Amino acid sequence: MHRELSSAHRRFSLLAWGVLAYNIPVILWGAYVRATFSGNGCGAHWPFCSGEIVPQNMSVPTSIEFTHRLMTGLDSIAVVVMCLWALRIFPRGHKVRLLASLSLVFLLVEAALGAGLVLFRFVARDQSAGRALYLSAHLTNTLLLLGALTATAWLSSRNQTRLEFAHLSRTAFAALPVTVFIGITGAIAALGDTLFPASSLAAGMQEDFSSASNLLMRLRLVHPVIAVAGAAYLIWAGAGILKRVENGTARTAAARVLGLTIFQLAAGMVNLTLLAPIWMQLFHLFMADLVWIAVVLLVLETGLPDAHFSPARKYNYASQAILPPE
């Protein structure tokens, strides 16, 4: 059921979209910490930096890591405020309350995982397989956090009281784990590029195929293959929904996924060709975050109670069958 937004709900929606937008630079700066080997800038201390609230005579790595902690601290305050505000202005049982609370839960898990990186010393030049596994869990939770924030902002701006999950396309819904898996392989590849920079594309590929190479070097070969296959799925899913869906916002969401996925493929090729310089790694990650948000929005749009399809080709999302016109 769609209702007109009150002034309080409009202000909340602006905050929710703002919190979502702010999380993008927080994520990018976290990647910059990794790419510049600054993860040990505060030593094995958390939440304080080198045992101090504000460290004195900061080195470059310390300033980079300390800036990230300041950014995440501000992010924590913003998400707490958003969650408390949602509980105050939305009625009991409203999905925005649930999604805002989930955003806070994922943020707390994110903080715990960030602390673990420092305390377990999975930072700087650590080359262990444990670091790759830990980063995979960290990346997964980051995407869950972005997804919850996206859903909170979207649902509050539409003031939609419910979603018809029976209407969700299984094709679109499957794009969520596909995108997460692409992101996980991308995080491992980025770590390999940081720890083992290649002098040339040919030399890098030769090292990747060598059985004597570090596991992280060999794993970074997986990402381009998974990325191309996953992108093909996203393009197929988005194009299929674009053809079948009549609802304007759902069509826009499908077109957005198509455009961003194609652009991200091109960015990945540039990143590979340029041997993954830091600025290109950050841009590639930025595009990955946008693709994920776009996929989440597409899934949400297909769950609207008023989502409908062309009468000539009405599509039953629960059974994935084309139904005859009524």
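None of the figures in this text is laboratory data; all of them are computed from the coordinates on show. None of the values given here were measured: they were computed from a predicted structure. No Cβ is skipped: glycine too gets one built from the backbone with ideal geometry, and neighbour counts run over all protein chains shown.
Here are some notes:
- Only Lys, Arg, Asp and Glu carry charge here, each on its Cβ (+1 for the first two, -1 for the last two); on that basis the chain has a dipole of about 760 debye about its Cα centre.
- Label zone (Gln127, point 7 Å along Cα-to-C-beta; backbone nitrogen cut-off 17 Å) within region 33-63: 37.
- Distance between the 7 Å Cα→Cβ label points at Tyr233 and Val80: 3.8 nm.
- Whether region 170-210 is rounded, prolate or oblate, judged on the alpha carbon gyration tensor where a/c under 1.5 counts as rounded: prolate
- Modelled this way, with points 7 Å down the Cα-to-C-beta line, the labels at Arg170 and Arg10 are 4.3 nm from one another.
- Only Cα pairs under 8 Å and 6+ residues apart enter the sum, and on that basis the relative contact order of region 1-130 stands at 31 percent.
- Scanning the chain for DSSP H helices at least 27 Å long along the axis (C-alpha atoms) with a Kyte-Doolittle mean no lower than -0.5 picks out 7-35, 60-89, 95-119, 129-158, 170-195, 222-244, 248-273, 278-302.
- When only Cα pairs below 8 angstrom with a gap of at least 6 residues are kept, the chain shows a relative contact order of 21 percent.
- Note on Leu274 and Arg251: with the Förster distance fixed at 35 Å, the Cβ-Cβ geometry gives a FRET efficiency of about 0.50.
- Residues Val96, Val123, Val54, ranked from the fewest to the most other C-beta atoms within 10 Å, line up as Val54, Val123, Val96.
- Region 130-272 - percent relative contact order, Cα under 8 Å, separation 6 or more: 22 percent
- Cα shape, region 1-130, gyration tensor, a/c 1.5 rule: prolate
- Modelled spin-label separation between Thr67 and Ala212, with each label point placed 7 Å from Cα along the Cα-to-Cβ direction: 4.0 nm.
- Put in line by how crowded their Cβ is, counting other Cβ atoms within 10 Å and starting with the fewest, Thr252, Thr273, Thr179 read Thr273, Thr252, Thr179.
- Within the chain, the cysteines lacking any other cysteine Cβ closer than 4.7 Å to their own Cβ are Cys83.
- Oblate is the label for the chain, because the ratio a/c of its alpha-carbon gyration tensor axes (a ≥ b ≥ c) is 1.5 or higher and a/b is not greater than b/c.
- Sorting Glu65, Glu52 from the fewest to the most surrounding beta carbons within 10 angstrom yields Glu52, Glu65.
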